[in-house]
Amino acid sequence: MNETDSLKKRVAELEKANRELDDVFNAMGDLIFVIDKDNVIIRANNACASFLKTKPQNIIGKKCHDLVHRLGKPWPGCPFEKTKQDKKTHAEEVNDPKVGFSFLVTTSPIFSDNGEMIGAVHAAKNITEYHRAAEALRESEIKYKTIFDSSTDAIMLLVPGKEFSAGNTAAIKLFRCKDEKEFVSRSPD
């Protein structure tokens, strides 16, 4: 194989590796972009572009805080600003009313060969549904506790094969205990 053929083969291998990297980058469902040290987006995945209702090439060259938050300056508590200060990975929950969703944003520094931080990978996971589920769980717990505490019927919770784990006021009164702590220290026997 001559030098030209060897070079063509190497170029083909590099092009294939680049396509595979693009495929992985764009397969991710989280909003991901690469940002330089001046907050300018230099690469964005398809999920990010889709969320912003545009194409990846329309994101490149824009400052993240202008594009996402429309602020003209970094978001208060921006994890990338922290990453720029200490050159470490940071994660923050971002709830921007202009965006309308809650995100867990992680910024991970990228270093040059000589160790200089040249940018970061910015990943944003939409956690809005997690918040909604947590709020629904809190509401359910409040309802349960209200019913449990206010019932005039004795309600006892028992861990199978073990002891009581809880008792409402009526149960505590029925078993002549001074409080729930004393009630759960007793055995059902």
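The values are calculated or read from the model by the stated rules, or taken from the named source; none is laboratory data. What you are looking at is a predicted structure, and each value in this text was computed from that prediction instead of being measured. Virtual Cβ from ideal backbone geometry, glycine too; neighbours counted across all protein chains shown.
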If you go through Lys98, Lys84, the only one that is buried (at least 16 other Cβ atoms within 10 Å of the Cβ) and under 16 Å from Cys64 (Cβ atoms) is Lys84
Condition check for Asp30: among the charged types (D, E, K, R), in contact with a strand residue (DSSP E or B) (Cβ under 9 Å, 6 or more places away or on another chain), over 17 Å from Val94 (Cβ atoms) and in contact (Cβ under 8 Å) with a residue 60 or more places away in the chain:
no
Can you list the helices (runs of 4 or more DSSP H) lying wholly within region 123-189 that have 3 or more residues being within 38 Å of the chain's Cα centre (by Cα) and within 30 Å of Leu52 (Cβ to Cβ)?
128-150
In region 71-125, residue modelled with the lowest pLDDT [restricted to those that are of a type in the set (Asp, Glu) and out of contact with any Gly (no Cβ under 8 Å at 6 or more places or on another chain)]
Asp96
Subset of region 16-63 [under 22 Å from Val99 (Cα atoms) and assigned to a strand (DSSP E or B)]
Leu31, Ile32, Phe33, Val34, Ile35, Val40, Ile41, Ile42, Arg43, Ala44, Lys63
Filter pass, Lys53 being loosely packed, with under 10 Cβ neighbours inside 10 Å and among the basic types (Lys, Arg):
yes
